[in-house]
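Note sheet for the following structure.
The values are calculated or read from the model by the stated rules, or taken from the named source; none is laboratory data. Just so it is clear, the structure is predicted and the values come from calculations on it, not from any experiment. Cβ coordinates were reconstructed from backbone atoms using ideal geometry, including for glycine residues, and neighbour counts include every protein chain displayed. Protein only, heavy atoms only, side chains kept; ligands, DNA and RNA dropped before computing areas. Shrake-Rupley method; radii C 1.70, N 1.55, O 1.52, S 1.80 Å.
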Amino acid sequence: MCRPHPGWLVAALALSAAVLSARGLYAHLPPELWWSAALGADGSDAAAWVVHYGVLPRIAVSILAGATLALAATIFQQVLRNPLAEPATLGVSAGASLGVTLAALWLPDLPGLGREGAAFAGAGLATLVVLGLAWGKGLAPLTLILAGLIVGLCLGTISAVAALLRHQELQSVFLWSSGMLRQNDWSAAGSLLPRFIVGLALALLLARPLVLLGLDEESGRSLGLPRRGARLAALILAVALSACVVSAVGMIAFVGLAAPAIARLAGARTIRDQLLWAPLVGGELLWLADQLVQSLPFVQEVPTGVGTAVLGAPLLLWLLPRLKGGTVPSRDNAAEVTARARRPWGLVLAGLVLLAALLVPALYLGRGPDGWTWLSGEEAWRLLRWRWPRTGAAAAAGAMLAMAGMLTQRLTANPMASPEVLGISSGAAGGVIALTFLVPAPDGVAQVVAAAMGALAALVAMLGVGRRAAFAPERMLLTGIAASTAFGALVAILMASGDPRMGMLLAWMAGSTYRVGAPEALIALALVAALLPLMPLFSRWLEILPLGEASSRALGIGLGASRLRLLLAAALLTGAATLIVGPLSFVGLMAPHIARMMGLQRPMPQLYGSAVLGALIMVVADWLGQNLLFPYQIPGGLLATLVGGPYFMWQMGRSGQR
């Protein structure tokens with residue numbers, strides 16, 4: 001059997017894109033005039049001007065932007081030793097988006113700033129914060145990943161709150177953030193080309209250090225590599241490449257993640273091969289996606305980043321059967337983040353006491369038309385029936401998502417894994433969105449049914465893809481990301497359309513308890529109470545699976561059966577929480593890490609500690625969301641990031657000083 005080669009895939013993508021490009025050019029000019037239009041020779045013909053200053057620069061920018069993002073992502077994935085790393089990992093995309101959002105709202109006429117300057121400034125500031133948090137740990141991969149994720153989540157939360165409050169004013173930002181490649185001249189292509197060439201040359205010069213950075217910490221030290229310096233140099237290069245693309249054309253989704261993975265699956269094995277082939281795959285992928293979205297007859301303007309997700313996700317799923325085995329990302333320095341707590345169950349109990357104490361003000365203290373009030377007497381009985389379902393649902397959803405996150409991270413041995421990666425949240429949210437656009441006024445029961453059907457469809461698809469590979473971690477992660485990306489593309493199309501129904505859906509998708517009633521809250525609390533006593537059944541698997549396949553088999557663990565049961569448990573927890581409060585992000589991702597940083601290292605203390613922390617964060621966030629901007633309300637899912645994020649960064653800073 002011949003070995004696969006990425007050249008065949010690149011040629012197929014390029015041929016398809018070239019055919020569509022030729023068709024688009026033919027709509028403007030006959031073929032005999034293409035060369036003169038490319039040279040700008042016929043300045044009197046309006047169609048030639050459109051081709052010279054619009055069509056051809058857009059093709060060039062799509063190829064260059066895709067190639068640059070793929071090159072940056074290849075470096076990120078090698079340096080961080082994680083197949084999920086991409087330009088968004090270190091908060092670059094979130095920082096750029098926030099910079100553009102704030103500039104559009106408050107500095108629209110500042111001379112010399114512009115969208116590009118705001119994006120570059122935001123991306124640079126986010127990167128500096130991430131590097132500052134990880135510096136004390138020698139820029140270790142796990143620390144960088146966690147710092148980048150939390151900074152990105154916090155900055156993304158601020159942007160999302162602004163989007164909820166000023167939705168109409170930020171319409172152009174939505175389009176930009178989804179990747180718009182429309183060009184009026186050659187300036188963007190002219191700025192990207194030399195930057196890509198220089199970046200590729202520097203990356204090839206760093207090929208050997210990148211190979212060594214892909215090794216574990218001890219192997220790298222034994223070979224004499226100055227790891228902090230080499231890692232910093234590679235990260236600066238990758239961040240600079242990412243920021244160049246973002247500042248030039250906006251945020252292009254999915255290319256950074258998909259192109260290196262597709263290149264590896266297509267046969268690029270060594271780091272040098274990946275540095276050469278991944279940019280080619282990324283450039284052709286974005287070129288083809290851009291031509292496809294321009295060919296759509298039923299939508300006036302679809303962001304190219306959305307087209308990339310729609311094209312790249314199925315391509316990634318098609319190539320996944322080539323993936324041999326399941327590679328487990330390195331967890332170097334995971335145990336060094338903090339010392340193990342002497343009395344872990346005492347910490348869990350203290351968290352429960354704190355949660356119980358906070359439930360009292362969450363239920364009785366709030367703002368009303370007359371200011372802050374403490375409920376008492378008849379008023380308490382009248383209002384508590386409205387307040388307790390929201391508080392109870394927030395606590396239950398936070399606990400379930402935190403447990404699902406812990407199970408997912410232990411199952412995949414990947415610190416970037418979260419409940420959303422499974423695709424269950426996206427499936428549930430997709431069902432609700434479809435119902436909203438198909439039924440004029442759906443009731444609560446219909447929404448729950450639609451969300452359940454969407455979650456079930458996503459779970460069936462995940463199990464179908466992963467069954468033949470014994471649910472290998474990397475395959476499950478990439479499958480879930482592909483599904484979540486396709487859903488994100490749908491949301492981006494709907495947001496860019498300006499449909500007023502998206503304003504209502506945004507709140508639910510951000511983690512809102514607005515419509516939760518007593519039946520939903522009781523079901524959620526009962527589910528948590530039923531599942532918590534069953535978690536010790538998974539203890540042995542959670543202890544051994546992160547050690548890798550060889551160790552797990554040697555200790556008698558059946559990989560397929562154990563992974564399937566953990567996956568089903570995580571999917572059940574995620575789906576139930578999503579039905580109640582929508583697809584949250586922070587709690588499931590970060591609560592397990594916060595628990596571990598507090599010293600809860602063993603599986604069961606970490607799992608129960610994560611559940612308590614998730615409930616605690618969501619109760620506080622939901623209460624703040626109801627009262628901070630009264631009578632306006634902010635979804636608790638958004639504020640959860642701002643509640644837990646600063647504490648997480650404080651803990652990370654403390655661990656870096658030890």
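For the subset of the stretch 21-40 comprising residues that are closer than 15 Å to residue 60 by Cβ and in a helix (DSSP H, G or I), which member is most open to solvent (accessible area, probe 1.4 Å)?
The qualifying residue most open to solvent (accessible area, probe 1.4 Å) is 39.
Could you look through the stretch 55-85, keep only residues that are surrounded by fewer than 23 Cβ atoms within 10 Å (Cβ to Cβ) and at pLDDT 85 or above, and pick out the one that is nearest to residue 238 (Cα to Cα)?
Out of the qualifying residues, it is 60.
Restricting attention to the stretch 206-239, report how many residues are at pLDDT 80 or above, open to solvent by 40 Å² or more (accessible area, probe 1.4 Å) and of a type outside the set (A, V, I, L, M).
Within the stretch 206-239, residues that are at pLDDT 80 or above, open to solvent by 40 Å² or more (accessible area, probe 1.4 Å) and of a type outside the set (A, V, I, L, M) number 1.
Among the residues of the stretch 550-568, is any touching a residue at least 40 places away in the same chain (Cβ under 8 Å), small (Gly, Ala, Ser) and under 26 Å from residue 635 (Cβ atoms)?
No, because not a single residue in the stretch 550-568 is touching a residue at least 40 places away in the same chain (Cβ under 8 Å), small (Gly, Ala, Ser) and under 26 Å from residue 635 (Cβ atoms).
Regarding the stretch 597-609, can at least one residue be identified that is closer than 28 Å to residue 522 by Cα and modelled with pLDDT under 80?
No.
Would you pick out the residues in the stretch 543-575 that are under 22 Å from residue 516 (Cβ atoms) and either among the basic types (Lys, Arg) or buried (at least 24 other Cβ atoms within 10 Å of the Cβ) (or both)?
571, 573, 574, 575, listed by residue number.
Out of all the residues in the stretch 92-149, which are at pLDDT 75 or above and open to solvent by 40 Å² or more (accessible area, probe 1.4 Å)?
Hits for the stretch 92-149 are 102, 120, 121, 125, 128, 129, 132, 135.
Answer yes if at least one residue in the stretch 623-637 is in contact with an Asp or Glu (Cβ under 9 Å, 6 or more places away or on another chain), open to solvent by less than 30 Å² (accessible area, probe 1.4 Å) and in a loop (DSSP other than H, G, I, E, B), and no otherwise.
There is at least one residue in the stretch 623-637 that is in contact with an Asp or Glu (Cβ under 9 Å, 6 or more places away or on another chain), open to solvent by less than 30 Å² (accessible area, probe 1.4 Å) and in a loop (DSSP other than H, G, I, E, B).
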